[in-house]
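One structure is given here, and the rest of the page talks about it.
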Amino acid sequence: MSAAQDPADVKTGYSICTICDIGCQLRSESRDGVLHRVKAHDSPALARHVCYKGTAAPHIHNHADRLRVPLKRVGARGEDRWEEISYEQAIDEIAERLRGVVDRYGPEAFAVSTSGWNTQTTHGLDRRFMNLLGSPNWTSGVSLCAGNTAAVNRLTYGWFPMGDIGNANCVVLLGHNPRKHSWTPIYNQIEGARKRGAQTIVVDPRVSEQAESATLHLQIKAGTDAALLLGWTKVIIDEGLYDKDFVRDWCVGFDQLSERVDEYPLDRVAQITGVDAELIAQAARMYANADGAVIPWTPITDQQLDSTSSIRLQAILRAITGNLDVVGGETLGGLNPSYRTESDLQLHDAISPEQRAKQLGYEKHPAYTYRTAEILRPYMKKVWGREWVDQVMGCHMANPSELFRAMATGDPYPVKAFFALGNNALLSYPNQHQIHKGLMNQDLIVAHEIFMTPTAMLADYVLPGDVFSERNHIADSWSWTNRLSLSEAVATPPDEASSSFRFWRDLAHRMGFADEFPWQTLEDVIDYRLEPSGQTFESFRAEKFMEIPVPRYRKYRKTGFATPSGKVELASSILEELGFDPLPYHRPAPEPTAGYPYLVFSGVREDPFFQTGQRNVGVLRRRCPSPKFFLHPEDAMRDGFVDGDWARLETAHGEVHAKVSVQEGMRRGHLRVPHGWWFPETRGEVDLAGAFVSSDAVLTTDTDDLIDYEQGIPHFRGYPGRLVACDPPVGMSKTTLEG
Ligand SMILES: Nc1nc2c(c(=O)[nH]1)N[C@H]1C(S)=C(S)[C@@H](COP(=O)(O)OP(=O)(O)OC[C@H]3O[C@@H](n4cnc5c(=O)[nH]c(N)nc54)[C@H](O)[C@@H]3O)O[C@H]1N2
Ligand SMILES: Nc1nc2c(c(=O)[nH]1)N[C@H]1C(S)=C(S)[C@@H](COP(=O)(O)OP(=O)(O)OC[C@H]3O[C@@H](n4cnc5c(=O)[nH]c(N)nc54)[C@H](O)[C@@H]3O)O[C@H]1N2
Ligand code: SF4
Ligand SMILES: [Mo]
């Protein structure tokens with residue numbers, strides 16, 4: 001047999017897909033060290049959990065534009081001119097320049113933004129490094145997603161629960177719209193519940209895919225979810241539909257809550273939300289009367305002006321209807337005792353209380369900062385056995401708006417070094433102009449990336465990251481659930497591409513923290529994390545692909561809840577201590593005007609992409625070549641638009657471009673803007689590859705009147721805008737795409 005005919009070296013393994021953040025476990029197959037295909041799981045229970053982004057992994061991992069070697073900026077910042085350097089030179093220089101920033105401005109001048117699920121192998125070592133150095137300024141895209149929800153849930157009952165959709169008889173989706181190709185496992189769970197006869201209630205200004213098959217659809221006016229939930233709570237209390245024993249034995253603040261919801265009679269709620277009063281009452285009764293009901297996490301209420309109240313109301317409803325920690329309700333999983341948590345690795349005691357208190361957001365918007373985590377310490381210890389418990393990475397974060405403002409202006413102190421790992425920060429927070437200004441004002445920017453994104457284009461050093469098919473990992477869903485899942489390397493990273501573990505370890509060794517970073521390899525860290533169970537990575541891998549501890553229910557009967565009162569705090573003593581309203585409320589957002597007649601919301605994720613990613617991947621981009629605004633046919637007709645027209649959306653803060661998509665299912669007067677668009681194909685022709693052309697982040701700002709009080713969260717759900725006809729933006733005519 002000639003060499004050309006030799007059978008390829010075929011390797012298969014289990015993988016956790018990191019193309020989106022739901023992390024399906026799949027099967028990966030490589031040939032001669034190159035990822036060849038990704039396919040469904042061999043366990044029938046998991047086989048349906050794969051979408052077409054997951055199976056497109058070879059097109060992403062083997063993409064011609066994949067970053068392969070470290071790059072150092074040679075032109076002006078953002079000019080996108082580079083020289084290739086060795087990994088060792090890159091780390092040496094980064095360490096030296098970071099030391100320079102810390103010596104001159106203090107460790108708090110160093111900030112990190114990362115979402116963690118795509119870099120996957122960090123294991124909390126980023127925070128460990130920062131805590132040893134003395135910087136509290138870590139933030140993440142999860143501050144607008146499940147991370148902040150986790151932190152806010154803990155104010156009410158000390159944990160962020162996971163809905164037991166598989167056993168629920170009623171599922172409430174506040175906007176949240178899982179589909180066949182968006183969070184596929186959650187979609188499958190909801191479909192399974194429907195087939196069992198579970199009722200579904202969808203609250204959405206659009207007839208979304210989930211709304212189409214819902215038992216009840218409440219076509220709400222964007223941004224008014226808190227008012228709706230106040231109305232539900234009032235119905236449930238007035239009609240005595242709550243769990244009286246649970247409320248008596250396990251809740252505090254019920255009378256105060258009853259008084260507060262009395263301010264929200266149904267006619268007022270109907271007027272605020274645009275939903276019929278009787279339909280609101282019917283939905284509240286359906287939820288409260290179900291034997292096992294869940295309100296799964298949703299990003300919709302993470303990104304509203306009264307986000308803290310919206311999230312708290314979901315927590316309150318779960319509690320008063322007796323759905324906490326029961327089968328078919330909201331399970332308080334707890335930590336997996338077999339695996340050291342990321343919080344354990346993060347060493348939050350290593351940073352001094354004085355440095356912690358410098359965390360940006362600590363004073364003004366403390367809900368997910370160290371300030372709240374510090375208050376919770378003794379209660380976390382009592383119930384969950386650790387003082388510092390992080391869930392979904394979101395419980396000890398700096399506030400991004402405060403951070404980018406400090407980077408841009410030096411107020412309240414300078415922030416001069418910024419690292420983005422697996423995060424396209426420029427497009428992934430509100431107020432993109434301020435983020436840009438902040439990035440332009442840095443002495444050192446490092447991006448750890450797989451592609452040259454607009455954020456990476458602004459860096460001094462770009463380090464090539466590895467991808468999930470190239471690394472070993474055991475995932476623990478960041479302490480949201482206590483499941484452990486195996487992910488095995490089947491392919492070889494190209495050239496100098498390497499893991500975020502290696503980045504933090506090598507930097508730590510150069511910055512004097514070698515003793516605290518004793519691990520040589522990634523598998524050493526996993527072995528360390530598995531130590532409490534007596535397992536190692538190899539033994540875990542040899543024995544199983546997943547470990548799911550047997551659930552235990554109503555654990556609070558033994559331990560109480562991890563709150564100051566030990567009970568569910570319907571009126572939050574922590575919010576009160578922090579100087580905020582302890583009870584939930586609705587806060588109205590700016591209304592449309594004659595000049596800005598649309599109520600704009602951002603979101604409706606597109607199936608082929610995850611967030612700002614994959615616009616360069618031909619097999620996916622061809623499914624959705626351009627960004628789209630959605631509007632109702634009557635609005636389109638009045639304003640003279642037809643399907644496919646290019647248009648410019650203007651708000652008080654910025655403008656973006658997209659094509660018009662006329663959709664019957666939109667609520668009248670509403671306009672949807674997509675998230676995450678830039679145009680990799682225009683690199684070299686358009687500044688920062690079109691990062692400012694269609695990105696929702698330029699439409700929204702983060703001044704005090706437009707962010708949530710407690711967390712400092714931006715309002716992406718319902719702000720005034722107007723639509724103007726325009727030509728296609730420069731560079732948008734190209735159609736050839738790699739991959
Ligand atoms: N304006 C605005 N901001 C938002 C949102 C919004 O709707 N509007 N949504 C928010 C939400 S819900 C979320 S979850 C966050 C998401 O925030 P992130 O998860 O940080 O998503 P992105 O900012 O798209 O950045 C992901 C980057 O990781 C890179 N990447 C992918 N795989 C790997 C890998 O294996 N290794 C490395 N090193 N890099 C990799 C991709 O190329 C991409 O550039 O954003 C939030 N921010
Ligand atoms: N294919 C794909 N799947 C993804 C992602 C992706 O980028 N691509 N991202 C993942 C991530 S990180 C997240 S956070 C989720 C997000 O996914 P979802 O939770 O589904 O969120 P969106 O798609 O942004 O919007 C969902 C619905 O909210 C409605 N909506 C808008 N404003 C409001 C409002 O004010 N109130 C209510 N009640 N509804 C409103 C919209 O009409 C839309 O139908 O998807 C995950 N899955
Ligand atoms: S839903 Fe798709 S992209 Fe997300 S983890 Fe699963 S396979 Fe990957
Ligand atoms: Mo998200």
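The values are calculated or read from the model by the stated rules, or taken from the named source; none is laboratory data. The structure displayed is predicted, hence computed values, not measured ones. Ideal geometry is used to build each Cβ from the backbone, glycine not excepted, and the neighbour counts take in all protein chains shown. Side chains included, ligands, DNA and RNA excluded: accessible areas come from the protein's heavy atoms. Shrake-Rupley method; radii C 1.70, N 1.55, O 1.52, S 1.80 Å.
List of remarks:
- Neighbours by Cβ (under 8 Å, 6+ apart or cross-chain): first from the stretch 22-42, touching a residue at least 60 places away in the same chain (Cβ under 8 Å); second within 16 Å of ligand 1 (Cβ to nearest atom) and open to solvent by 80 Å² or more (accessible area, probe 1.4 Å): G33/T492; V34/T492
- Every test in (1) open to solvent by less than 40 Å² (accessible area, probe 1.4 Å); (2) modelled with pLDDT of 95 or more; (3) within 30 Å of R505 (Cα to Cα) is passed by D524 save one, and that test is (1).
- Selected residue (only one of D291, D249 is more than 16 Å from ligand 3 (Cβ to nearest atom), open to solvent by 30 Å² or more (accessible area, probe 1.4 Å) and not in a loop (DSSP other than H, G, I, E, B)): D249
- Members of the stretch 37-56 that are outside any loop (DSSP other than H, G, I, E, B), within 21 Å of the chain's Cα centre (by Cα) and of a type outside the set (S, T, Y): K53, G54
- Only one of the listed residues (E538, E523) is free of Cβ contacts under 8 Å to residues at least 40 places away in the same chain and more than 13 Å from L125 (Cβ to Cβ). That residue is E538.
- Hits in the stretch 5-32 (condition: of a type in the set (A, V, I, L, M) and within 7 Å of ligand 3 (Cβ to nearest atom)): I19, I22, L26
- Subset tally (residues that are open to solvent by 10 Å² or more (accessible area, probe 1.4 Å) and touching a helix residue (DSSP H, G or I) at 6+ places or on another chain (Cβ under 7 Å)) for the stretch 273-284: 2
- Some residue of the stretch 539-546 being away from ligand 4 (no atom under 16 Å from the Cβ), out of contact with any Gly (no Cβ under 6 Å at 6 or more places or on another chain), under 22 Å from L332 (Cβ atoms) and not basic (K, R): yes
- When H49 is tested against (1) in contact with a Lys or Arg (Cβ under 6 Å, 6 or more places away or on another chain); (2) modelled with pLDDT under 95, exactly one condition is not met: (1).
- Look at the stretch 694-722: where a residue is open to solvent by less than 10 Å² (accessible area, probe 1.4 Å) and of a type in the set (S, T, Y) and a partner is within 15 Å of ligand 2 (Cβ to nearest atom) and in a helix (DSSP H, G or I), sitting 6+ places away or on another chain with Cβ atoms under 7 Å, you get S695/L427.
- Residues of the stretch 41-59 classified as open to solvent by 40 Å² or more (accessible area, probe 1.4 Å) and small (G, A, S), total: 1
- Tally, over the stretch 194-231, of residues that are surrounded by fewer than 24 Cβ atoms within 10 Å (Cβ to Cβ), more than 13 Å from ligand 2 (Cβ to nearest atom) and either small (G, A, S) or not assigned by TED's automatic domain parsing to the domain that holds I316 (or both): 3
- Residue within the stretch 545-552 that is acidic (D, E), closer than 30 Å to P366 by Cα and either open to solvent by 20 Å² or more (accessible area, probe 1.4 Å) or touching a Ser or Thr at 6+ places or on another chain (Cβ under 6 Å) (or both) present: no
Yes or no, residue by residue, for (1) crowded, with 24+ Cβ neighbours inside 10 Å; (2) within 16 Å of ligand 1 (Cβ to nearest atom):
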site	(1), (2)
A408	no, no
L426	yes, yes
I435	yes, yes
L439	no, yes
T453	yes, yes
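- Wholly enclosed helices (runs of 4 or more DSSP H) of the stretch 129-234 bearing at least 2 residues within 16 Å of ligand 3 (Cβ to nearest atom): 184-196, 209-212
- Filter result (among the polar types (S, T, N, Q) and either closer than 16 Å to I375 by Cβ or open to solvent by 10 Å² or more (accessible area, probe 1.4 Å) (or both)) within the stretch 561-609: T563, S565, S572, S573, T593
- In this structure, A168 does not qualify as open to solvent by less than 10 Å² (accessible area, probe 1.4 Å), out of contact with any Cys (no Cβ under 6 Å at 6 or more places or on another chain) and either at pLDDT below 95 or within 11 Å of ligand 2 (Cβ to nearest atom) (or both).
- Residue match in the stretch 469-476 (condition: away from ligand 1 (no atom under 12 Å from the Cβ), touching a helix residue (DSSP H, G or I) at 6+ places or on another chain (Cβ under 7 Å), touching a residue at least 12 places away in the same chain (Cβ under 8 Å) and assigned to a loop (DSSP other than H, G, I, E, B)): yes
- Test: residue in the stretch 91-103 that is touching a Pro at 6+ places or on another chain (Cβ under 8 Å) and open to solvent by less than 40 Å² (accessible area, probe 1.4 Å): no
- Within the set R615, R554, R605, R621, the sole residue that is at pLDDT 95 or above and away from ligand 3 (no atom under 16 Å from the Cβ) turns out to be R554.
To keep it simple, each residue is scored yes or no on (1) in a loop (DSSP other than H, G, I, E, B); (2) touching a helix residue (DSSP H, G or I) at 6+ places or on another chain (Cβ under 9 Å); (3) more than 22 Å from P729 (Cα to Cα).
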{"position": "L530", "(1), (2), (3)": "no, yes, yes"}
{"position": "Y553", "(1), (2), (3)": "yes, no, yes"}
{"position": "L583", "(1), (2), (3)": "yes, yes, yes"}
{"position": "A589", "(1), (2), (3)": "yes, yes, yes"}
{"position": "Q614", "(1), (2), (3)": "yes, yes, no"}
{"position": "C624", "(1), (2), (3)": "yes, no, no"}
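- Filter result for D9 (among the acidic types (D, E) and within 16 Å of ligand 1 (Cβ to nearest atom)): no
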